[in-house]
1. For SER18, only one of the following conditions fails: (1) of a type in the set (Gly, Ala, Ser); (2) surrounded by fewer than 16 Cβ atoms within 10 Å (Cβ to Cβ); (3) modelled with pLDDT of 75 or more. What is its number?
2. Could you list, in sequence order, all residues of region 63-72 that are open to solvent by 70 Å² or more (accessible area, probe 1.4 Å) and part of a helix (DSSP H, G or I)?
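The values are calculated or read from the model by the stated rules, or taken from the named source; none is laboratory data. Model, not experiment: these values are computed from the prediction. In this analysis, Cβ positions are derived from the backbone assuming ideal geometry, glycine residues included, and neighbour counts consider all displayed protein chains. With ligands, DNA and RNA removed, areas are computed over all heavy atoms of the protein, side chains included. Shrake-Rupley method; radii C 1.70, N 1.55, O 1.52, S 1.80 Å.
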Amino acid sequence: NGGPAFPHHAYQIETSMSKHGIFTGMSLRDYFAGAALSNHRYWQNGREPLNECAADCYAIADAMLKARKEDA
């Protein structure tokens with residue numbers, strides 16, 4: 001998933017009743033997919049079913065993550 005999109009120190013959210021777990025934020029993969037969605041031509045024109053549009057955006061995100069690894 002590329003790790004967190006906006007890294008920060010993780011912290012636990014606690015209440016008097018329970019601990020809700022550790023919040024680390026949005027993954028870099030989700031962030032890239034959202035960025036791809038904002039420019040996806042089929043989404044903007046309403047020509048593609050939403051599930052196909054989402055799959056396209058995650059495919060773009062995966063390609064971006066792969067390119068990052070290759071450049072490292």
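1. (3)
2. MET64, LYS66, ARG68, LYS69, GLU70, ASP71
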